Amino acid sequence: MATELKPVYLIVGGDRPKIQRAVRRLRDRIGDESTELLSAFDASGEDAVAACNSPVLFGSGQRLVVVADVDRWKAADAKAVADYLGAPAPDTVLALLGEETKKSSALAKACAKAGEILVYDIPKRRLAEWVAKQLADRGVEADAEASRLLVEIVGEDPEELATEVDKLATWAAGEKIGVSEVEALAAGSAEIPGYELTDAWGRRDIRAALAACQTLLERSPDPVARAVPGLVGLLVGHVGRVRSVQGLVEKGLGGREIATRLKRHPFYVEKLVTQARNYGVDELRDAVVRLAALDHAVKGGSRLAVDLELERALIAITRARDAAAA
């Protein structure tokens, strides 16, 4: 028998694949059509509370509100959520996602009192051990040197590492993996991971973005109706991070300074900086609005097929403004 869901879950840490799986479990319990995705880059604490208190238009009557990047919230945002948690909406689950929200913070204390805090972290000095465990969980043994090499090649982003782990595990089919296998396979991938979609969007390559989108949908183990909301969430989070980096660049910060401030790998941040330069401030703001409309459309707000809605939105947020006006 499934346990009763709590009003709020604060899900924090650097192990983003595990965080995504935790959110996926919540979405499976409640339903994608009753899930609303927000980002603290654009949504305040009051916005999150308003979403929690909104009536459910589709689904079973329950609602899941997911807010990413809550580390960005200020004291006023935490207070709004804490006040709400004093008398939360009875059929709503609020999931707050962060990386380094401290348990001593006002937000964490409010969440601990009303719900549950889930911590999924990976100490950077133990990333190689984490890679080895991920492979072991997939029935593949890897020596320590091979695991360390994979981290060196791919970097410290857990999502990108998880993609490479999946690829290596599929290729190995239960056999042991060593340095030579990592050297041969880690640099190039037969599959197109999520960052191929965000990279294509970042360089404004509509054809590549649509191709990556189609490949991700075709290779997803989930049906299209479930896979599309996942890609919407991927785009929402990525565009939000590019907006944040764009703001820091405008303040005069360099790539390494931004990486330190955001606690992200310098290689990944440099990629975000490059993408931020390809878009104007208004374009990124409009992209966030368009993705919000897409989120509504794929949850029943449109009669068009969800994959068609995704493709239309992807074209709209990727093409150059002068092309859009032509």
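The values are calculated or read from the model by the stated rules, or taken from the named source; none is laboratory data. On a predicted model such as this, the values are computed, not experimentally measured, just so you know. Here the Cβ is made from the backbone with ideal geometry for all residues, glycine too, and neighbour counts use every protein chain on show. Heavy atoms of the whole protein, side chains included, go into the accessibility calculation; ligands, DNA and RNA do not. Shrake-Rupley method; radii C 1.70, N 1.55, O 1.52, S 1.80 Å.
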For the range 130-151, check the following and say yes or no: at least one residue is open to solvent by 30 Å² or more (accessible area, probe 1.4 Å) and of a type in the set (Ser, Thr, Tyr). no
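I'd like the residue in the range 106-127 that is under 30 Å from residue 164 (Cβ atoms) and crowded, with 18+ Cβ neighbours inside 10 Å and, out of all such residues, is modelled with the lowest pLDDT.
Residue satisfying both the conditions and the ranking: 122.
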Are any residues in the range 56-105 open to solvent by 20 Å² or more (accessible area, probe 1.4 Å) and aromatic (Phe, Trp, Tyr), and if so, which ones? 58, 73
Out of 157, 166, 199, 222, report the one residue that is under 16 Å from the mean Cα position of the chain (by Cα) and over 22 Å from residue 317 (Cβ atoms). 157
Given the residues 97, 118, 127, which is the only one that is more than 30 Å from residue 80 (Cα to Cα) and among the aliphatic types (A, V, I, L, M)? 127
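Just need a number here: residues in the range 10-26 that are surrounded by fewer than 22 Cβ atoms within 10 Å (Cβ to Cβ) and not in a loop (DSSP other than H, G, I, E, B).
Result for the range 10-26: 10.
Kindly indicate which of 211, 227 is part of a helix (DSSP H, G or I) and modelled with pLDDT under 90.
Going through 211, 227 in turn, just one is part of a helix (DSSP H, G or I) and modelled with pLDDT under 90: 227.
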Within the range 152-159, is even one residue free of Cβ contacts under 8 Å to residues at least 60 places away in the same chain and buried (at least 18 other Cβ atoms within 10 Å of the Cβ)? yes
Look at residue 76 and say whether it is among the hydrophobic types (A, V, I, L, M, F, W, C), over 28 Å from residue 239 (Cβ atoms) and in a helix (DSSP H, G or I). no
Would a scan of the range 54-64 turn up a residue that is at pLDDT 90 or above and under 21 Å from residue 299 (Cα atoms)? yes
Can you confirm whether the range 104-127 contains a residue that is of a type in the set (A, V, I, L, M, F, W, C), under 27 Å from residue 266 (Cβ atoms) and in contact (Cβ under 8 Å) with a residue 40 or more places away in the chain? yes
Within the range 2-21, count every residue that is at pLDDT 90 or above and closer than 19 Å to residue 238 by Cα. 2
I need a count of the residues in the range 238-260 that are in contact with a Phe, Trp or Tyr (Cβ under 9 Å, 6 or more places away or on another chain) and either within 30 Å of residue 304 (Cα to Cα) or modelled with pLDDT of 90 or more (or both). 8
For the range 160-173, name all the residues that are touching a residue at least 24 places away in the same chain (Cβ under 8 Å) and either touching a Lys or Arg at 6+ places or on another chain (Cβ under 9 Å) or β-branched (Val, Ile, Thr) (or both). 162, 163, 165, 166, 168, 169, 172
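Checking the condition under 19 Å from residue 66 (Cα atoms), touching a residue at least 40 places away in the same chain (Cβ under 8 Å), of a type in the set (Val, Ile, Thr) and open to solvent by 20 Å² or more (accessible area, probe 1.4 Å), which residue from 288, 239 passes?
Being under 19 Å from residue 66 (Cα atoms), touching a residue at least 40 places away in the same chain (Cβ under 8 Å), of a type in the set (Val, Ile, Thr) and open to solvent by 20 Å² or more (accessible area, probe 1.4 Å) holds for just one of 288, 239, which is 288.
Just a yes or no: is a residue in the range 221-231 in contact with a Leu (Cβ under 7 Å, 6 or more places away or on another chain) and more than 30 Å from residue 305 (Cβ to Cβ)?
Start the filter on the range 221-231 by keeping residues that are in contact with a Leu (Cβ under 7 Å, 6 or more places away or on another chain), which leaves 224, 227-228, 231.
Imposing the further condition that a residue be more than 30 Å from residue 305 (Cβ to Cβ) reduces the set to none.
Among the residues of the range 221-231, not one is in contact with a Leu (Cβ under 7 Å, 6 or more places away or on another chain) and more than 30 Å from residue 305 (Cβ to Cβ), which makes the answer no.
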Please enumerate the residues belonging to the range 215-229 that are under 22 Å from residue 295 (Cβ atoms), open to solvent by 30 Å² or more (accessible area, probe 1.4 Å) and in contact (Cβ under 8 Å) with a residue 24 or more places away in the chain. 216, 224, 225, 226
Going through (1) of a type in the set (Val, Ile, Thr); (2) touching a helix residue (DSSP H, G or I) at 6+ places or on another chain (Cβ under 7 Å); (3) within 30 Å of residue 33 (Cβ to Cβ) one by one, residue 273 fails only at (3)
Going by the conditions given, is residue 78 farther than 21 Å from residue 21 by Cα and over 21 Å from the mean Cα position of the chain (by Cα)? yes
